[in-house]
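Report on one structure; see the data block that follows.
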Amino acid sequence: MTDLSWLIARPVAHRGFHNMNKTRWENTLSAFAAAAERGYAIECDVHISSDGIPVIIHDGDLKRLTGHDGFVWQRTAAELATLKIGGTKDCVPTLEEALDLIGGRVPLVVELKGVPGHDAGLVASVGRLLKRYKGKVAIMSFDHWLIRDFAKDAPGIPGGLTAYGRDNQLIEAHFAMLAHDLAFTSYAAGDLPNPFVSFVREKLKMPVLTWTVHDQPAVDLTFKYADQMTFEGFEPDLVKVA
């Protein structure tokens, strides 16, 4: 089994160390620089541009973050690079730019965002970039159709399931994804405990991150039922909170 102790060794800054989009916005190079300077691991979100380049942005719809109409998949990476995030100096970065900036200083967890019918090549393009990257990195997704491509298109890169929920239908769907060689999971803190997380952590010895932690009750849930948190809105200590 691959050693993933690095994945849970330090808190993970959700979309980088932003300040809740006041002056330093989510998923920007500024937020990634701030996280790396503080020694936090980083989580980011990746879509694919119309010309097949992985770009970092959470929403498929451009409106909330850039003020522009349309969708990420309709624009080239060069066009996206001209769009200001939240009216700041930061623009939509490529994954390659983020990797160059982080430079292996802290671990990176890349969440792949699927858009049915518009995400062909996403896993493969991310896989090619990360294969050359020298730092600690993992990939994950909510989207089961993307996870099914992890082993083929991003071999050797730890892959995880991003998940939520407690109801039986969701839990059963999560268990079904264990057929795809998952290395870890990232689970909604508010949905702990549950049978899936208990099984993968206790029986499979699989690392479990939580998302997204904003307060002490969620910190407490994390370290009772999981291994490490993905946080935002505060500045946790760089020690594992027991």
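The values are calculated or read from the model by the stated rules, or taken from the named source; none is laboratory data. Bear in mind that the values here come from a model prediction, so they are computed numbers and not experimental data. A quick note on method: Cβ atoms are made from the backbone with ideal geometry, for glycine too, and the neighbour counts reach across all protein chains shown. What goes into the accessible areas is simple: the full protein's heavy atoms, side chains included, and nothing from ligands, DNA or RNA. Shrake-Rupley method; radii C 1.70, N 1.55, O 1.52, S 1.80 Å.
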Candidates A176, A124, A154, A120 - the one that is small (G, A, S) and surrounded by 22 or more Cβ atoms within 10 Å (Cβ to Cβ):
A154
Among the residues of the stretch 190-202, is there at least one that is free of Cβ contacts under 8 Å to residues at least 24 places away in the same chain, open to solvent by 20 Å² or more (accessible area, probe 1.4 Å), of a type outside the set (S, T, Y) and closer than 30 Å to L101 by Cβ?
no
Report yes if K136 is closer than 19 Å to H58 by Cβ, touching a residue at least 60 places away in the same chain (Cβ under 8 Å), in contact with a Leu (Cβ under 9 Å, 6 or more places away or on another chain) and open to solvent by 20 Å² or more (accessible area, probe 1.4 Å), otherwise no.
no
Can you name every residue in the stretch 20-57 that is in a loop (DSSP other than H, G, I, E, B) and within 13 Å of E111 (Cβ to Cβ)?
E26, N27, I57
Based on this model, can you work out whether V109 counts as over 15 Å from the mean Cα position of the chain (by Cα), within 15 Å of P54 (Cα to Cα) and among the aliphatic types (A, V, I, L, M)?
no
Kindly indicate which of V115, V109 is among the β-branched types (V, I, T), over 22 Å from A9 (Cα atoms) and modelled with pLDDT of 95 or more.
V115
Could you tell me whether the stretch 60-75 includes any residue that is open to solvent by 50 Å² or more (accessible area, probe 1.4 Å) and either closer than 24 Å to V137 by Cα or aliphatic (A, V, I, L, M) (or both)?
no
Just to be sure, is A31 at negative phi, of a type outside the set (K, R) and open to solvent by less than 10 Å² (accessible area, probe 1.4 Å)?
yes
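Residue by residue, here is whether (1) in a helix (DSSP H, G or I); (2) in contact with a Lys or Arg (Cβ under 8 Å, 6 or more places away or on another chain) holds:
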site	(1), (2)
A78	yes, no
G87	no, no
V106	no, yes
G117	no, no
V126	yes, no
L129	yes, no
Within the stretch 203-233, restricting to residues that are surrounded by fewer than 19 Cβ atoms within 10 Å (Cβ to Cβ) and within 18 Å of the chain's Cα centre (by Cα), the one that is farthest from I171 (Cα to Cα) is G233
Only residues in the stretch 68-82 that are over 14 Å from P54 (Cβ atoms) count as the first member; pair them with residues that are among the charged types (D, E, K, R), Cβ under 7 angstrom, at least 6 apart or cross-chain, and list the lot.
D69/K63; F71/D61
